[in-house]
Amino acid sequence: MNFKKSWILTEDGSHTLKIEDLKETYHSLHGALRESEFVYLEKGLHFWQKANPQAKCRLLEMGYGTGLLAYLTFLRNTESPVDYTSLEAYPLTVNDYKKLNYNELLVENTDLSFVAFSALSWEIAHPLTPTFTLIKHHTFFEQFTATHSFDLIYYDAFGAHAQPALWEKEWMEKCFSLLSSGGVWVSYCAKGSVRRALQEVGFSVERLEGPPGKREMLRAVKP
Ligand SMILES: C[S@@+](CC[C@H](N)C(=O)[O-])C[C@H]1O[C@@H](n2cnc3c(N)ncnc32)[C@H](O)[C@@H]1O
């Protein structure tokens with residue numbers, strides 16, 4: 001996707017990117033950081049970890065994008081182990097990452113800055129800490145073949161108005177088959193057709209209160 005991008009400051013002071021041609025942003029304009037923390041860390045990872053204390057979470061992110069969600073998970077997850085696999089069809093360039101303000105905003109207890117994290121090579125597993133390993137694949141979700149099952153999927157595709165195909169039943173079915181029993185699928189999306197597709201392929205689906213500026217979001221569990 002060689003589209004024109006612009007850098008936008010969201011309401012919580014963190015940047016996001018906008019693809020002008022799709023009229024689509026990588027995160028909520030109400031707060032990129034806040035949305036990532038609330039939807040994926042709080043309602044996804046922490047929910048799974050509560051049900052599986054101390055267990056290793058094999059996590060799959062659909063849409064690496066800016067790397068904000070991966071970096072936040074790396075920074076905030078210091079207790080239980082996480083193996084983080086991320087898929088991205090259209091990786092950003094090093095310069096794109098550098099223009100985001102996450103390097104200045106996220107100065108937490110780590111030697112690995114956001115820019116250094118973003119420069120990690122693709123297709124190689126990086127054991128960054130005793131509790132966090134990252135592997136990024138430059139591939140389409142549709143073409144991804146897994147070598148093991150996952151416990152949690154961060155489904156962070158662009159919205160259904162921009163990329164409707166990725167929210168269809170076929171791909172919800174793929175998510176279902178990628179997950180282990182008890183595995184969790186979580187997304188900012190609250191669309192009725194997506195909720196029904198998730199139910200039809202076998203998930204137990206919950207509608208949860210959304211992050212600031214969004215009424216609802218979805219979480220689904222594989223029985
Ligand atoms: C909403 S953004 C993800 C935001 C990201 N999680 C972050 O923290 O910045 C959606 C991402 O999915 C990627 N994408 C779009 N179609 C895809 C596909 N078929 N397979 C894999 N990635 C795709 C886009 O290039 C974009 O980076």
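The values are calculated or read from the model by the stated rules, or taken from the named source; none is laboratory data. Bear in mind that the values here come from a model prediction, so they are computed numbers and not experimental data. Every residue, glycine among them, receives a Cβ derived from its backbone with ideal geometry; neighbour counts consider all protein chains shown.
Some notes on this structure:
- Top-ranked residue of region 1-50 - restricted to ones that are of a type in the set (A, V, I, L, M, F, W, C) and over 16 Å from the mean Cα position of the chain (by Cα), ranked as surrounded by the fewest Cβ atoms within 10 Å (Cβ to Cβ): M1
- Taking the criterion of being within 9 Å of the ligand (Cβ to nearest atom) and either modelled with pLDDT of 95 or more or of a type in the set (G, A, S) (or both), the residues of region 1-23 that qualify are T16, L17.
- Looking across region 59-81, the residues that are surrounded by 22 or more Cβ atoms within 10 Å (Cβ to Cβ) and more than 10 Å from the ligand (Cβ to nearest atom) come down to L59, L60, F74.
- Strands (runs of 3 or more DSSP E) completely within region 98-210 that count 3 or more residues being touching a His at 6+ places or on another chain (Cβ under 9 Å) and of a type outside the set (F, W, Y): 132-138
- With respect to (1) modelled with pLDDT under 95; (2) of a type outside the set (V, I, T); (3) within 30 Å of H148 (Cα to Cα); (4) within 19 Å of the chain's Cα centre (by Cα), the lone exception for Q54 is condition (4).
- Residue match in region 58-68 (condition: part of a helix (DSSP H, G or I) and either closer than 12 Å to F132 by Cβ or in contact with a Ser or Thr (Cβ under 9 Å, 6 or more places away or on another chain) (or both)): yes
- Subset of region 12-52 [of a type in the set (D, E, K, R), closer than 16 Å to L100 by Cα and assigned to a loop (DSSP other than H, G, I, E, B)]: D12
- Residue match in region 105-122 (condition: away from the ligand (no atom under 12 Å from the Cβ), touching an Asp or Glu at 6+ places or on another chain (Cβ under 9 Å) and under 24 Å from T139 (Cβ atoms)): yes
- Among the residues of region 138-158, those that are surrounded by 17 or more Cβ atoms within 10 Å (Cβ to Cβ) and either within 13 Å of the chain's Cα centre (by Cα) or over 19 Å from E170 (Cβ atoms) (or both) comprise F141, D151, L152, I153, Y154, Y155, D156, A157, F158.
- Pair list, Cβ < 6 Å and 6+ apart or interchain, from region 24-43 residues that are more than 27 Å from K4 (Cβ to Cβ) and more than 9 Å from the ligand (Cβ to nearest atom) to residues that are of a type in the set (K, R) and outside any helix (DSSP H, G or I): K43/R219
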